[in-house]
């Protein structure tokens with residue numbers, strides 16, 4: 001078994017669609033499985049570090065690989081504002097510049113998605 005396989009996630013569930021965008025719920029499911037956070041927690045108003053980390057990772061991947069607007073990203077994750085999506089994307093980028101764990105997490109999730 002590949003080290004990048006997550007039990008319960010089928011490769012066909014997350015493959016690229018014809019318009020080269022990832023399925024939104026598939027990205028959320030993969031990040032939730034990878035981080036151990038539930039979808040309910042992801043959409044909750046919680047500011048716990050591990051929940052925020054997972055939520056921000058989802059926003060980063062969806063912004064990078066989909067055509068979603070910042071406003072749409074905010075709505076997907078509990079009706080947040082577009083500025084929260086901007087902050088999430090910038091935060092993940094900043095973390096990945098200095099934190100090896102974030103770089104590792106991004107690489108592993110990217111391998112799972114593609």
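Taken together, the values in this text are just the output of simple stated rules run on the coordinates, not laboratory data. Keep in mind that this is a model prediction, so the values were computed, not measured. Backbone-built Cβ (ideal geometry, glycine too); neighbour counts: all protein chains shown.
Among 95, 60, 104, a tally of other beta-carbon atoms within 10 Å of each Cβ gives an order, fewest to most, of 104, 95, 60.
Computed from label points 7 Å out along Cα-Cβ, the spacing between residue 81 and residue 108 is 3.4 nm. Taking a ≥ b ≥ c as the square roots of the eigenvalues of the Cα gyration tensor of the range 11-113, is the shape rounded (a/c under 1.5), prolate (a/b larger than b/c) or oblate? It is rounded, given that a/c, with a ≥ b ≥ c, falls under 1.5.
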